[in-house]
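Asks: Handing you this structure, nothing more for now.
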Amino acid sequence: MNLILLGPPGSGKGTQSEFIVKKYGYYQLSTGDILRQAITKKTTTGMVVKDILASGKLVNNELILQIMEEKLSETYSKPGRIFDGFPRTIMQAEQLEELLHNQNMKLDLIIELSVDENTLLERITKRANESSETREDDTIEILKKRLEVYNIETKPIIDYYTDKYHVQKIDGMMSVHKVSERIEELINLNS
Ligand code: AMP
């Protein structure tokens with residue numbers, strides 16, 4: 001099972017990925033988490049991307065694809081993969097299809113979590129106030145930038161995929177539990 005969770009920052013992709021990992025043993029491929037780990041470990045990649053993450057802009061496609069290619073190869077023994085925060089541009093979407101195709105795999109399920117912008121702003125403010133592990137990009141100002149980047153760079157992926165696959169839209173304003181239930185239904189239907 002290859003599943004993409006699409007949605008703006010704060011739409012619940014990370015929370016729902018955790019649920020899927022626990023329930024199905026799929027491997028979560030979160031480019032945001034991978035980049036944050038690189039920053040914490042002060043690797044060369046970490047040094048390169050630190051300021052980009054703090055600004056809310058996107059890391060360049062080449063670097064992301066290199067990371068994804070490497071990480072993806074670690075997941076082949078898993079029953080499934082959740083792509084969380086990737087792809088973020090049409091180019092990444094095309095490359096993901098190619099990477100999967102080269103391994104005789106395909107995209108099985110694409111889920112869009114939709115949440116209105118005011119709710120996203122509220123959620124991120126809460127996350128910034130409550131989290132013990134502060135994320136530099138969890139401020140209202142940077143969130144607005146990330147939303148703008150999402151609308152310009154990432155949203156078009158939904159149209160790109162809609163032309164080729166059936167994109168399943170889930171109302172991300174429902175409770176976490178209800179969203180998980182809906183995701184579970186879709187995974188069961190598509191596996
Ligand atoms: P996230 O945790 O998915 O919201 O990602 C945090 C930040 O990491 C983003 O604002 C980008 O700067 C960077 N990032 C994560 N995934 C990607 C990606 N697929 N392409 C480019 N930049 C990314």
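The values are calculated or read from the model by the stated rules, or taken from the named source; none is laboratory data. What you see is a predicted model, and the numbers here were worked out from it, not measured in a lab. Ideal geometry is used to build each Cβ from the backbone, glycine not excepted, and the neighbour counts take in all protein chains shown. Note: accessible area is taken over every heavy atom of the protein model, side chains too, but ligands, DNA and RNA are not part of it. Shrake-Rupley method; radii C 1.70, N 1.55, O 1.52, S 1.80 Å.
Asks: Using only alpha carbon pairs under 8 Å that are at least six residues apart, calculate the relative contact order of the stretch 1-142 and give it in whole percent.
Replies: Over the stretch 1-142, the number comes to 41 percent.
Asks: Take the chain, mark every one of the GluC sites (Glu not before Pro) that falls in a DSSP loop and has at most 13 other Cβ within 10 Å, then report the longest stretch left between them, sites excluded.
Replies: So the longest stretch without any such site is 1-73.
Asks: Quick one: what do you get for the chain if you divide its Cα Rg by 2.2 N^0.38 Å?
Replies: 0.98
Asks: Here is a follow-up. Given contacts defined as C-alpha pairs under 8 Å and at least six residues apart, what's the relative contact order of the stretch 1-75, whole-number percent?
Replies: After rounding, I find 18 percent.
Asks: In Å², and per residue, what accessible area does the stretch 2-179 have when probed at 1.4 Å with the other protein chains present?
Replies: In whole numbers, the stretch 2-179 has 54 Å² accessible per residue.
Asks: Measuring from label point to label point, each 7 Å out along Cα→Cβ, what is the E98 to I140 span in nm?
Replies: It is 4.2 nm.
Asks: Counting other Cβ atoms within 10 Å of each Cβ, which trypsin sites (Lys or Arg not before Pro) in the stretch 1-54 have at most 10 and sit in a DSSP loop?
Replies: K41, K42
Asks: Let me check against my output: what whole-number percent is the relative contact order of the stretch 59-191, with C-alpha pairs under 8 Å and at least 6 apart?
Replies: For the stretch 59-191, the relative contact order is 31 percent.
Asks: Can I ask one more? If I ignore ligands, DNA and RNA and count only protein heavy atoms, how much of H166 is accessible to a 1.4 Å probe, in Å² to the nearest 10?
Replies: Surface open to solvent at H166 totals about 130 Å².
Asks: Kindly write out, for the stretch 72-84 in residue order, the coupling ³J(HN,Hα) from the Karplus curve 6.51 cos²θ - 1.76 cosθ + 1.60 (θ = phi - 60°), rounded to whole Hz, with x marking Gly and Pro.
Replies: So the J values, rounded to whole Hz, are 4, 5, 7, 10, 4, 7, 7, x, x, 9, 10, 9, 10.
Asks: What is the gain in length, in nm to one decimal, between S55 and S191 on full extension, counting 0.36 nm per residue of separation less the C-alpha to C-alpha distance?
Replies: 45.1 nm
Asks: Can you pick out the pairs among K106/K169; K13/K145; K50/K145; K71/K126; K106/K126; K126/K178 whose Cα atoms lie more than 27 Å from each other?
Replies: K71/K126; K106/K126
Asks: Using a 1.4 Å probe over the heavy atoms of the protein chains, calculate the carbon and sulfur portion of the accessible area of the chain as a whole percent.
Replies: C and S atoms contribute 48 percent here.
Asks: If the cut-off is a Cα-Cα distance under 17 Å, which aspartates and glutamates reach K78, setting aside same-chain residues fewer than 8 apart in sequence?
Replies: Candidates past the 8-residue exclusion: E18, E69, E70, D108.
Asks: Describe numerically, in nm with one decimal, the distance between label points set 7 Å from Cα along Cα→Cβ at K71 and at K106.
Replies: The answer from the label model is 2.5 nm.
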